[in-house]
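The values are calculated or read from the model by the stated rules, or taken from the named source; none is laboratory data. Computed from a prediction, not measured in an experiment: that's the story for all the values here. Using ideal geometry, Cβ is built from the backbone for each residue, glycine included, and neighbour counts are taken over all protein chains shown. The area values use the complete protein model at the heavy-atom level, side chains included, leaving out ligands, DNA and RNA. Shrake-Rupley method; radii C 1.70, N 1.55, O 1.52, S 1.80 Å.
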Amino acid sequence: MTSKISFFKLVKDDIRQRMWLMAFTSVLFLCIYPVYGAMELENRLASLGAEGAYGVESLKKWVEEFAGSGNFFFAGAASFIAVVSAFSAFAYLHSKDKVDFYHSFPVRRGALYAKAYVSSFFMFVVPFVVSYAMFIAIAAQKSVLPSDVFDMVIRTIAVQVIYFLLIYSVTVVSVMLTGKIIMGVLAAIVFMSYVPVLFFVLDELCSFFVTYTPSVHTGNHLFFSPLGNYFEFVGNCQSGLFSWTRLLLVLLLAVIMIGVGYLLYRFRPLEAAESTLAFQKTGSFIKVLLSVPLSLAVASVMSSSSVHPIKWMAVISVLGTLLLCLTIEFMYHMDIKKIVCGKIGTTVAVFGVMVILFAFYKDIFGYDSYLPKKDKVSQMALLVEENNGFFVRNADRKYLQANMTDAFEPIYALAEEGAKNTDKALDKEQYFEGKLEEKLRCIVAYKEKKDTTKYRTYYVSRETVKKTVVQMCKNEEYKEKMFGVEKIEPGRESEFYINDILENYGNMDITQEQKKSILGAYKKDFKDISVEQMMEENPIARLEIVDDSFETYMLPVYKENERTLESLKAAGYEIQTSVLQEDVKEMEVIVYDEDTDKPGNRESVTDVEKQQKILELLSYQSDPLFAEHDFNDMEIMVTLKDNRELYFSCNKEKIANILK
């Protein structure tokens with residue numbers, strides 16, 4: 001028999017029973033939007049006078065960030081409320097008495113499921129919309145709303161509501177699959193983190209491959225977590241990268257999870273309450289799915305500090321899988337005598353870990369041997385990681401994708417040499433330890449004609465790298481793309497740093513026009529200097545630029561860069577290329593031990609003539625592009641009369657001849 005009780009009466013009763021949740025949500029959202037927002041707005045308005053028109057625009061931008069869909073603070077609060085709402089709505093499923101009570105009513109399960117969703121949705125949306133509207137009204141009264149306020153409001157409400165539904169629905173599924181609250185919490189954590197953990201494990205296993213580079217391959221794995229996806233989307237919104245398409249896909253996923261939750265609720269056994277799992281037959285399957293990736297993840301972290309990481313990862317993974325299987329069995333039965341139950345599942349998990357480790361270690365996939373035929377490649381790109389700290393500091397996959405070229409013959413020849421070096425690497429640990437000093441680390445991107453992109457890391461001889469870069473940079477456009485100089489644009493918030501032989505000047509105190517002048521001069525000088533010069537000549541200074549997106553560029557300054565030097569001088573930063581003897585207060589020579597690389601004998605140099613000869617050997621401490629780092633077994637410490645201390649590394653033989 002089915003009751004004729006109104007559905008809306010069921011919703012009303014549920015809201016009344018959980019009124020504490022609505023009160024808590026209201027207080028939390030009021031604290032975030034009208035209270036904190038109004039205080040921060042008042043503080044910013046108080047300091048508005050000194051900044052003029054720019055200050056007004058800056059304030060409107062802050063309002064757009066705070067009241068827009070890029071508010072991380074509110075995203076965290078909404079996520080918390082979604083999880084609490086889900087557990088409070090279906091907590092009765094974890095109590096036998098409450099299950100019997102609720103299901104004794106002549107109400108269909110579908111109605112019970114729907115009323116929990118509707119009431120939870122209502123208790124989130126009403127406090128959110130009210131508190132949000134209050135802040136919008138405050139900002140409007142202060143005349144600091146952005147021009148596109150309507151779009152901002154629609155987007156914000158859509159983002160927060162849709163992601164609330166997703167996180168709420170995922171949490172509901174975790175409640176449906178378990179019979180105890182603590183198990184439900186653990187299940188929710190698993191749902192929120194399982195896929196990112198899988199990708200983490202995959203990255204760690206791929207480190208067995210010689211040609212794998214995590215910095216290029218690793219994407220944002222948090223994208224595959226409901227919480228991670230939420231915060232990534234909020235971050236994108238903050239950067240102006242709002243996507244209705246992605247938001248609609250999230251809504252579709254939320255609808256699917258609502259359906260999954262309903263099916264689980266519809267077929268959930270009444271006796272599942274107070275059991276570890278609601279569906280007992282899934283125990284072995286869940287045990288394997290949990291123990292294998294979790295043991296591999298733990299083993300990866302624990303073995304990372306070992307000198308023999310591969311050996312220890314294998315040992316810890318196998319033992320960890322066994323222990324996890326026993327622990328999970330204990331959680332299933334809460335009886336120490338039954339931890340050896342589920343032998344088949346435990347055997348499958350342990351054997352599975354051993355097979356996975358063997359497959360990656362022996363590279364049965366042929367990852368390291370991959371070298372596509374030239375006629376199947378449409379474009380290639382090259383990134384040389386050892387560039388002595390010059391140019392683009394944050395080089396990654398985006399850098400490679402932006403530097404794809406059709407004229408890739410020199411890069412392909414470099415890749416062939418790198419592949420041959422990889423073939424010789426029979427002992428992978430020795431390969432990583434023994435090849436770095438004599439070869440440079442290069443990342444090559446292959447874009448195949450079927451429109452897929454593959455990345456491989458090779459260790460290639462220094463001469464081959466230099467030859468390849470010289471050939472590629474004969475094309476002036478590719479040279480500008482490779483070194484990333486042309487794309488640098490000084491924004492209002494960008495920072496400029498300069499250091500020479502005497503000083504690191506810190507963040508330069510210069511105007512926006514002076515920034516543009518210095519960078520414009522450098523771009524012109526960069527076109528005039530050849531790659532061969534950069535490979536042979538030591539810079540006399542380094543210009544560091546951090547743009548508004550926090551991309552860092554390390555630009556070497558050479559003595560031929562006359563325009564740049566003049567612009568710096570005009571801005572009040574004249575580059576010094578030597579240390580004057582009359583500025584020296586003290587000089588000390590420190591000899592380093594070649595075996596321990598620790599300072600040994602120290603000798604003070606007081607003779608003026610010897611000081612002058614030593615000073616003539618000193619230069620700005622920076623090597624040419626792709627140059628090999630020589631071991632300098634002597635350090636010169638120069639104390640200036642203004643008490644600044646300068647340190648220079650030198651070759652012992654040159655200084656020894658002077659000190660005789």
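One-quarter of the Cα convex hull surface for the stretch 19-142, in nm²?
Working: hull surface 35.6 nm².
Mean projected area for the stretch 19-142: 8.9 nm², to one decimal.
How large is the direction-averaged shadow of the alpha-carbon convex hull of the stretch 182-299, in nm²?
The directionally averaged projection comes out at 9.9 nm².
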- line: So for R0 = 25 Å, FRET eff. of residue 148-residue 402 from the Cβ-Cβ r, to 0.05, ends up at 0.25
- prompt: For the chain, what is the mean residue ellipticity at 222 nm derived from helices alone (per DSSP H run of n ≥ 4: -39500 (n - 2.57); sum divided by total residues; nearest 500 deg cm²/dmol)?
  reply: -18000 deg cm²/dmol
- request: List the relative contact order of the chain as a percent without decimals, with contacts defined as Cα pairs under 8 Å and 6+ residues apart.
  value: 10
- request: Considering only DSSP beta bridges where both residues belong to the chain, give the percentage that are antiparallel (nearest 5).
  value: 100
The chain, dipole about Cα centre (Lys/Arg Cβ +1, Asp/Glu Cβ -1), debye to the nearest 20: 4640
query: Quick one: if you take sqrt(5λ) for each eigenvalue of the C-alpha gyration tensor of the chain, what semi-axes come out, biggest first, whole angstrom?
result: 57, 36, 24
task: Estimate the FRET efficiency between residue 270 and residue 126 by the formula 1/(1 + (r/R0)^6), using the beta-carbon distance for r and 30 Å for R0, to the nearest 0.05.
output: 0.35
- prompt: How much FRET efficiency would the formula 1/(1 + (r/R0)^6) give for residue 252 and residue 537, where r is the Cβ-Cβ distance and R0 is 45 Å, rounded to 0.05?
  reply: 0.20
Solvent-accessible area per residue for the stretch 218-292 (1.4 angstrom probe, square angstrom): 54
field: For the stretch 65-145, accessible area per residue (1.4 Å probe, heavy atoms of protein chains only), Å²
entry: 39
task: Quote the relative contact order of the stretch 262-344 in percent (integer), defining contacts as alpha-carbon pairs under 8 Å separated by 6+ residues.
output: 26
- request: Quantify, in whole percent, the carbon and sulfur part of the accessible surface of the chain (1.4 Å probe; protein heavy atoms only).
  value: 59
- request: Could you list, in their original order, any pairs among 449/479; 420/454; 281/362; 281/343; 466/559 whose Cα atoms are separated by more than 26 Å?
  value: 281/362
field: Mean separation of Cα contacts under 8 Å, 6 or more apart, over the residue count of the stretch 1-151: relative contact order %
entry: 50
query: Across 10 Å bins from 0, what is the distribution of all Cα-Cα pair distances for the stretch 74-189, in whole percents?
result: 12, 36, 27, 15, 8, 2
- prompt: Gain in length, residue 375 to residue 559, computed as 0.36 nm per residue apart minus the alpha-carbon separation, to one decimal in nm?
  reply: 61.9 nm
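Grab the Cα-Cα distance for residue 586 and residue 80, subtract it from 0.36 nm times how many residues apart they are, and report the gain in nm with one decimal.
Numbers: separation 506, 0.36 × 506 = 182.16 nm, distance 6.16 nm.
Roughly 176.0 nm would be gained on extension.
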- prompt: Within the chain, which DSSP H helices have Cα atoms that stretch 24 Å or more along the helix axis and a mean Kyte-Doolittle hydropathy of at least -1.0?
  reply: 72-90, 109-141, 149-176, 181-206, 244-267, 283-303, 309-333, 343-361
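Given charges of +1 on the Cβ of Lys and Arg and -1 on the Cβ of Asp and Glu, with all other atoms neutral, how large is the dipole of the stretch 469-510 about its Cα centre, in debye to the nearest 20?
Taking the Cα centre of the stretch 469-510 as origin, the dipole is about 300 debye.
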query: Just how much of residue 577 is accessible, in Å², when a 1.4 Å probe is used and the result is rounded to the nearest 10?
result: 80
- line: Of 528, 547, 607, ordered by accessible area with the largest first and a 1.4 Å probe, the sequence is 528, 607, 547
Cross-link reach list, lysines versus residue 12, counting only Cα pairs under 21 Å and skipping chain neighbours closer than eight places: 4, 98, 115
- prompt: Which GluC sites (Glu not before Pro) in the stretch 513-608 pass both tests, a DSSP loop state and at most 10 other beta-carbon atoms within 10 Å?
  reply: 594
